[in-house]
Amino acid sequence: MKLHEYQAKELFAKYAIPIQKGVVIDRPEQVDGLALKYPLVLKAQVLVGGRGKAGGIKLAATAAEARRHAATILGMEIKGEKVRRLLVAEAAELGAEYYVAFTVDRAARRMAVITSAAGGIDIEEVARTTPDQIVRSTADPFLGVQSYHTRQLGRRIGLSGSLLSDYVGITTALYRLCVAEDAELAEINPLAVVAGRLLAVDAKVIIDDNAVYRHPSLPKNEELTELEAAARAEGLSYVELEGDLAIIGNGAGLVMSTLDMVAYFGGRPANFLDVGGGATTENMKQAIEIVVRKPGVRGLFINIFGGITRCDDIARGIVDARPPVGMVVRLTGTNEEEGRRILQAAGVHAYVDPEEAAQRAVTLTAGAGRQ
Ligand code: GDP
Ligand code: MN
């Protein structure tokens, strides 16, 4: 679960990591009368990165400017996410910008620490073009992060004196936060020099989804798209991808192998939906309506292996839904004959061989794309 910057900074404050004084607002008029000193920085609170580049972060020297920027940013959409909240903070005069993050290194079965003197900008870009500017290490889970360790990391990115002491304090606190809050990522970029001290100007924290239940006081953020929310409301599990072929199956394993088959034959799944075991006619109808609503969908592939799920129920759902795109159905298992008869009466052919069906679905979708 991703936290918004302001939520991550509330955690930072709890662990004594220094942050700017700020307030969260959701209407531009609220800029007036904030007990904050100008210049201010106005920051879009969305769960995607690169807000600065997208125009979601602006400095304001006067109240009029702040109001104007607030109105602009609160009306923006950044990478598909509407900006509903704005963090307004006292702008800092930034000196050198550093980078530090803890993340899970699954191969090492430890937390990894990544740090660099080249903070502020796109760290992936730094890693690609000048990898020697990135320092990496891992934390021993039994010893935790010791000050000799963080001191060494700080020296390797060129820090000394009181900045090095700040760095040791901040990285140690950030590690404590990760462990105590079950974070799988805690990142400060930039960790900037402001008036001779290190300050966490930005904050990114992702809590391990499997541990969210252990932290009832954390906010509950939802990152679902409209269709994902609709699917969840129906009790269906639905995931969005980038392609043009919608996929429905029953059971996670069957759905995964369907995606593999489609990819193998050169198709690109737009999304996939698992109707699960024992799907009813109504579930199936809803499932079809959800997957085809995604913009850019040009074909539909339904792959059902009836067990608890009955093929006749599935077939009725398919016939009721009448999808607006070309469709290929593979149907086999419980009550197959009945299901096949229902589909045939509606002019729908049902395949038995999943590979043959996958191949047909891919060709059909590719053909629809050329029209
Ligand atoms: P991101 O683009 O989503 O990573 O958002 P950041 O919070 O990292 O801000 C992006 C950039 O905006 C920073 O790298 C800074 O250059 C600038 N910025 C953010 N806060 C301040 C501030 O308080 N003062 C100044 N001068 N610049 C800021
Ligand atoms: Mn940043």
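Numbers at a glance
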item: Residue selected from segment 324-336 under the condition of a type outside the set (Val, Ile, Thr) and touching a strand residue (DSSP E or B) at 6+ places or on another chain (Cβ under 6 Å), by the criterion surrounded by the most Cβ atoms within 10 Å (Cβ to Cβ); result: Leu331
item: Looking only at segment 120-145, and only at residues there that are surrounded by 13 or more Cβ atoms within 10 Å (Cβ to Cβ) and hydrophobic (A, V, I, L, M, F, W, C), the one that is modelled with the lowest pLDDT; result: Ile121
item: Residue, modelled with the lowest pLDDT, within segment 282-307, restricted to residues that are over 19 Å from Thr363 (Cβ atoms) and in a strand (DSSP E or B); result: Gly306
item: Members of segment 282-323 found to be more than 28 Å from the chain's Cα centre (by Cα) and open to solvent by less than 10 Å² (accessible area, probe 1.4 Å), listed by number; result: Ile304, Gly306, Thr309, Cys311, Asp312, Ile314, Ala315, Gly317, Ile318
item: Filter pass, Pro219 being closer than 30 Å to Tyr167 by Cβ and not assigned by TED's automatic domain parsing to the domain that holds Val113; result: yes
item: Test: residue in segment 94-109 that is open to solvent by 70 Å² or more (accessible area, probe 1.4 Å), without any contact (Cβ under 8 Å) to a residue 60 or more places away in the chain, under 21 Å from the mean Cα position of the chain (by Cα) and within 14 Å of ligand 1 (Cβ to nearest atom); result: no
item: Strands (runs of 3 or more DSSP E) enclosed by segment 172-233 - at least 1 residues per element that are more than 16 Å from ligand 2 (Cβ to nearest atom) and open to solvent by less than 40 Å² (accessible area, probe 1.4 Å); result: 183-194, 204-207
item: Qualifying positions in segment 48-59 - within 13 Å of ligand 2 (Cβ to nearest atom) and either modelled with pLDDT under 95 or open to solvent by less than 40 Å² (accessible area, probe 1.4 Å) (or both); result: Val48, Gly49, Gly50, Arg51, Gly52, Lys53, Ala54, Gly56
item: Qualifying residue in segment 273-281 (condition: at pLDDT 95 or above, open to solvent by less than 20 Å² (accessible area, probe 1.4 Å) and part of a strand (DSSP E or B)); result: yes
item: Residue in segment 12-21 that is surrounded by fewer than 17 Cβ atoms within 10 Å (Cβ to Cβ) and of a type in the set (Phe, Trp, Tyr) present; result: no
item: Flag for Ala118 being within 16 Å of ligand 2 (Cβ to nearest atom), in contact with a Leu (Cβ under 8 Å, 6 or more places away or on another chain), closer than 30 Å to His69 by Cβ and part of a loop (DSSP other than H, G, I, E, B); result: no
item: Residues of segment 233-244 satisfying the condition of being among the hydrophobic types (A, V, I, L, M, F, W, C) and closer than 19 Å to Gly317 by Cβ; result: Ala233, Leu236
item: Matching residues in segment 69-106 - criterion: being farther than 19 Å from Gly49 by Cα and at pLDDT below 95; result: Arg106
item: Any hit, segment 250-267, residues being in a strand (DSSP E or B) and open to solvent by less than 20 Å² (accessible area, probe 1.4 Å); result: no
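The values are calculated or read from the model by the stated rules, or taken from the named source; none is laboratory data. This structure is a prediction, so every number in the text was calculated from the model and none was measured. In this analysis, Cβ positions are derived from the backbone assuming ideal geometry, glycine residues included, and neighbour counts consider all displayed protein chains. Each accessible area value is taken on the protein alone, full model and side chains, heavy atoms only, with ligands, DNA and RNA left out. Shrake-Rupley method; radii C 1.70, N 1.55, O 1.52, S 1.80 Å.
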